[in-house]
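Below is one structure, written out as structure tokens, with a few remarks after it.
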Amino acid sequence: MDKKTVFSGIQATSNQHLGNYLGAIKNWVEMQKQYDNYFCVVDLHTVTVPQDPDTLRANIREVAGLLFAAGIDEDNSTVFIQSHVKAHSELAWLLNCITPMGWLHRMTQFKEKSEKAKDEVSVGLFDYPVLQAADILLYDTNLVPVGEDQKQHVELCRDIAQRFNYRYGEVFVLPDAYIPPVGGRVMGLSNPDKKMSKSEEKKDDSIFLLDAPDQIRAKIKKATTDSHREIKFDEKRSGVNNLLTIYQLVTEKTRDQIEDHFAGKSYKDLKEQLAEAVIETLEPLQQRYRELTGEKGYLEAMLNRGAKRAEARAETKLRQVYEKIGLR
Ligand code: TYM
């Protein structure tokens, strides 16, 4: 039986954090046996904001290494670097030509990012979601596992696909976002009313996947809680709720089990146990990361194989698109 296709992407930035892991990567690993998977380090998306070339090169390698270290494997998944498969840029251009500007003006991520960037807003940043649509549509993707913040981009991708199919005939499969029921929006530690992010100035807000155990302990110790005492899941108490949600995701216990476990205990207990559970989750990943990036050429060989596999599939789709439009 043909498996359904999964595609997802991750930017080539350092400081990959627990939100990226729990909202996306962990699910990719868990889902990979059921599907035909493409996981892409989206370096062309990364350059929509200024990047230092040497740092970017290092970050591309780091993120690809983290994906394999987290448990994505070549037998079940194709992992590749976006710029290695030229079809992504080519399809993005063709989709640009059918996407109304108004659709992009509505994107909340663009509004947020362009506010931060102020006078550095590039055309690329505006066009970001169209490149993302190209990523997804090239592989006849059925399912796009992402965190909640990407939902709007996947919906836009569907709209673009529908518009193309309406104009030129059925070419693209309409994808659905898959957002995990828990973990789709991991919040910051010091500011639990905002999502955990890489760009947060206050570094203590996020746990990075390569943080040392003592850094993890220190950050969780400082995490914002409240003046209540009871340890219960309650969205209105965003700090404690977030810590409990992270605990739930890394221990895979149920909410009832967790509330029973912490009944009568203090926030100090919660923080200490959470820190140890996070460390336990990240340690094997960090160990594998060191192993596979330590061996020269190992990661590169996997990425070359990934790019070849992805290219073969993407080129077939791109050819169809060129024909439909009348360019071939
Ligand atoms: P990026 O690199 O910002 O994030 C990678 C994945 O991590 C998820 N995520 C979170 N999940 C839960 N809580 C958080 N605090 C949190 N922060 C980030 C994101 O939702 C994402 O799934 N535009 C995409 C990259 C992309 C893409 C694609 C994704 C490019 N092309 C095609 C899917 C399909 C992005 O910026 O991800």
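Whether a residue is within 30 Å of Ala223 (Cα to Cα), of a type in the set (A, V, I, L, M, F, W, C) and loosely packed, with under 15 Cβ neighbours inside 10 Å was assessed, and Ala301 does not pass this test. When the residues of segment 160-196 are filtered to those that are among the charged types (D, E, K, R), outside any loop (DSSP other than H, G, I, E, B) and more than 10 Å from the ligand (Cβ to nearest atom), the one that is farthest from Gln32 (Cα to Cα) is Arg167. I'd like to check something: does segment 261-270 contain any residue that is more than 25 Å from Leu209 (Cα to Cα), in contact (Cβ under 8 Å) with a residue 12 or more places away in the chain and in a helix (DSSP H, G or I)? Yes: one or more hits. Only a single criterion out of (1) more than 16 Å from the chain's Cα centre (by Cα); (2) more than 23 Å from Phe80 (Cα to Cα); (3) crowded, with 17+ Cβ neighbours inside 10 Å; (4) near the ligand (Cβ under 10 Å from one of its atoms) is not satisfied by Leu137, namely (2). For the residues Glu283, Glu300, Glu291, the requirement of being acidic (Asp, Glu), more than 18 Å from Gly188 (Cα to Cα), in a helix (DSSP H, G or I) and in contact with a Pro (Cβ under 8 Å, 6 or more places away or on another chain) singles out Glu283. Could you figure out which of (1) in contact (Cβ under 8 Å) with a residue 24 or more places away in the chain; (2) outside any helix (DSSP H, G or I); (3) of a type in the set (S, T, N, Q) isn't true of Thr245? The failed condition is (2). Please verify whether Thr99 is farther than 27 Å from Pro180 by Cα, more than 13 Å from the chain's Cα centre (by Cα), among the polar types (S, T, N, Q) and assigned to a helix (DSSP H, G or I), treating the condition exactly as stated. Considered against the rule, which asks whether it is farther than 27 Å from Pro180 by Cα, more than 13 Å from the chain's Cα centre (by Cα), among the polar types (S, T, N, Q) and assigned to a helix (DSSP H, G or I), Thr99 comes out as no.
Conditions (1) touching a residue at least 60 places away in the same chain (Cβ under 8 Å); (2) in a helix (DSSP H, G or I); (3) within 22 Å of Gly124 (Cα to Cα); (4) not hydrophobic (A, V, I, L, M, F, W, C), marked per residue:
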{"position": "Gly19", "(1), (2), (3), (4)": "yes, yes, no, yes"}
{"position": "Glu30", "(1), (2), (3), (4)": "no, yes, no, yes"}
{"position": "Pro50", "(1), (2), (3), (4)": "yes, no, yes, yes"}
{"position": "Glu90", "(1), (2), (3), (4)": "yes, yes, yes, yes"}
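For first residues located in segment 118-142 and touching a residue at least 12 places away in the same chain (Cβ under 8 Å) and assigned to a helix (DSSP H, G or I), partners that are crowded, with 23+ Cβ neighbours inside 10 Å and of a type in the set (Val, Ile, Thr) and lie 6+ apart or on another chain with Cβ distances below 6 Å form the pairs Ala133/Ile160; Ile136/Val144.
Filtering segment 280-306 to residues that are over 21 Å from the mean Cα position of the chain (by Cα) and among the β-branched types (Val, Ile, Thr) leaves nothing.
Given the residues Val130, Val144, which is the only one that is more than 16 Å from Leu44 (Cβ to Cβ), within 16 Å of the ligand (Cβ to nearest atom) and surrounded by 22 or more Cβ atoms within 10 Å (Cβ to Cβ)? It would help to see each step written out before you state the result.
Working: Val130 fails: more than 16 Å from Leu44 (Cβ to Cβ).
Only one candidate passes the filter, namely Val144.
Restricting to segment 34-59, and then to whatever is among the β-branched types (Val, Ile, Thr) and crowded, with 22+ Cβ neighbours inside 10 Å, can you tell me which residue is farthest from the ligand (Cβ to nearest atom)? Talk me through it step by step, then tell me what you get.
Kept after step one, since they are among the β-branched types (Val, Ile, Thr), are these residues of segment 34-59: 41-42, 46-49, 55.
Then drop every residue that is not crowded, with 22+ Cβ neighbours inside 10 Å, which leaves 41-42.
On the way: Val41: 9, Val42: 4 Å.
Applying the filter and picking the extreme gives Val41.
Total residues in segment 1-22 satisfying the condition of being within 9 Å of the ligand (Cβ to nearest atom) and within 22 Å of Ala134 (Cα to Cα): the figure is 8. On the stretch given as segment 197-226, residues that are assigned to a loop (DSSP other than H, G, I, E, B) and at pLDDT 95 or above total 10.
Ser206 falls short on exactly one of the conditions (1) surrounded by fewer than 22 Cβ atoms within 10 Å (Cβ to Cβ); (2) among the hydroxyl-bearing types (Ser, Thr, Tyr); (3) within 13 Å of the ligand (Cβ to nearest atom), and that condition is (1).
For segment 95-117, a residue qualifies if it is out of contact with any helix residue (DSSP H, G or I) (no Cβ under 8 Å at 6 or more places or on another chain) and in contact (Cβ under 8 Å) with a residue 60 or more places away in the chain, and exactly one does: Lys116.
The values are calculated or read from the model by the stated rules, or taken from the named source; none is laboratory data. What you see is a predicted model, and the numbers here were worked out from it, not measured in a lab. No Cβ is skipped: glycine too gets one built from the backbone with ideal geometry, and neighbour counts run over all protein chains shown.
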